[in-house]
Structure formats: C-alpha cells, structure tokens
1. If the requirement is being within 21 Å of VAL122 (Cα to Cα), of a type in the set (Lys, Arg) and over 17 Å from the mean Cα position of the chain (by Cα), which of these qualifies: ARG53, ARG106, ARG84?
2. Condition first: in contact with a Ser or Thr (Cβ under 9 Å, 6 or more places away or on another chain), surrounded by fewer than 18 Cβ atoms within 10 Å (Cβ to Cβ) and among the basic types (Lys, Arg). Can you find one or more residues in the range 35-46 that meet it?
3. Restricted to the range 1-24, and to residues that are surrounded by fewer than 20 Cβ atoms within 10 Å (Cβ to Cβ) and hydroxyl-bearing (Ser, Thr, Tyr), which residue is nearest to LEU93 (Cα to Cα)?
4. Go through (1) farther than 15 Å from ALA90 by Cβ; (2) small (Gly, Ala, Ser); (3) crowded, with 16+ Cβ neighbours inside 10 Å and name the single condition ALA67 misses.
5. Of all residues in the range 118-131, which are free of Cβ contacts under 8 Å to residues at least 40 places away in the same chain, over 14 Å from GLY24 (Cα atoms) and loosely packed, with under 11 Cβ neighbours inside 10 Å?
6. Can you report the number of residues in the range 24-77 which are of a type in the set (Val, Ile, Thr), part of a helix (DSSP H, G or I) and in contact with a strand residue (DSSP E or B) (Cβ under 6 Å, 6 or more places away or on another chain)?
7. Sort out which residues of the range 91-117 are touching a residue at least 12 places away in the same chain (Cβ under 8 Å), in contact with a Lys or Arg (Cβ under 6 Å, 6 or more places away or on another chain) and assigned to a strand (DSSP E or B), and write them in order of number.
8. Which members of the range 1-50 meet the condition of being more than 9 Å from the chain's Cα centre (by Cα) and polar (S, T, N, Q)?
Amino acid sequence: MGDNVHGSAVLVGTEAVLIRGPSGSGKSLLAFELICAGKSGLIAPTLLIGDDRLRLTRRDNTIEVGAVAILAGLIEIRGLGLRRCAHCAAAPLALVVDLAATDGTRLPPLEALRTDILGIIVPRIPVPAGFTALPLVIAALTTEALISD
C-alpha cells in the first residue's frame, strides 16, 4: 500500500521528517534549513530524501518515505532554482511537519500532535502560517515531551 504526496522530506539521523503544506508555504526552505542544522551539529546529520513529490509506502508498522526517482537529489532553493545535493533514497517516517496548519496553536491539544498516515499514527507538528518552523522542529528532535499517551 502506498501514496504519492506533495511535500519535502529529510533524513535526520536514521529517520525521516516529512514536511507538508500548501504551495509556497516553505517546505523546501525548511528541508534546506534542516540540512544546514545537521551540518552545523544542532541536530543529527541530515540528508535530503526528496523535494516536491514523495512516495509513502507502508511496511508492516512503519511508513517509508522515498524520493520520486526523477527528482532524486534535487531541491528547489528560492532565488537559485533547482539545485543538486547529497541525498538518500528512503527512510522510515518519524515526524510530520504541517506548515500553514490551521490547528497550530501555542499549546496544541494532544490530538493535534499526531496524524494518521496509511493507518499508522505518526507524531506531528502543526505550524501556523507566518510562524518560523525550524525552532519547533529542532525542539521536537532534541527534547522529550512531558506528556504522552
């Protein structure tokens, strides 16, 4: 079972972060910022999985995020166009970031912090429009939640 989705994804350490949102919401920019954060040591080493179009495949109790072959290794950098960068083919999904999310709030309810992808519940960060996503994602990757279910 699988789906093709519009978004960007990066490998952080050994797991994928999927970035979704409407056109122009900053998916590619956040992916590149995470790659830079990985290079600087703020988070685990980070590589591009894919930009613009991705494939999601359910494998037992995990979701694998992979690049669409024709776009593998390409990322759009606003002002520079398409650029080639180091990448990996696929990784297991660990986190979803939804940009321009209508349910992004200062203290989101627990149900807003997860999403169902192909029948598997995955941690989620709802980022409201106009809010900088990078600090939220770094915090999610480097801290531990106080409340869980």
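Bear in mind these aren't lab numbers, they're just calculated from the coordinates by the rules spelled out. Small disclaimer: the values here were computed from a predicted structure and weren't measured. We place every Cβ from the backbone using ideal geometry, glycine too, and count neighbours over all the protein chains shown.
1. When all the criteria are applied, what remains is ARG106.
2. Yes, the conditions are met somewhere in the range 35-46.
3. Going through the qualifying residues, I end up with THR14.
4. Of the numbered conditions (1) farther than 15 Å from ALA90 by Cβ; (2) small (Gly, Ala, Ser); (3) crowded, with 16+ Cβ neighbours inside 10 Å, the odd one out for ALA67 is (1).
5. ILE121 - this is the single residue of the range 118-131 that is free of Cβ contacts under 8 Å to residues at least 40 places away in the same chain, over 14 Å from GLY24 (Cα atoms) and loosely packed, with under 11 Cβ neighbours inside 10 Å.
6. 1
7. Answer for the range 91-117, where residues must be touching a residue at least 12 places away in the same chain (Cβ under 8 Å), in contact with a Lys or Arg (Cβ under 6 Å, 6 or more places away or on another chain) and assigned to a strand (DSSP E or B): VAL96, ASP98, THR115.
8. ASN4, THR14, SER23, SER25, SER28, SER40, THR46
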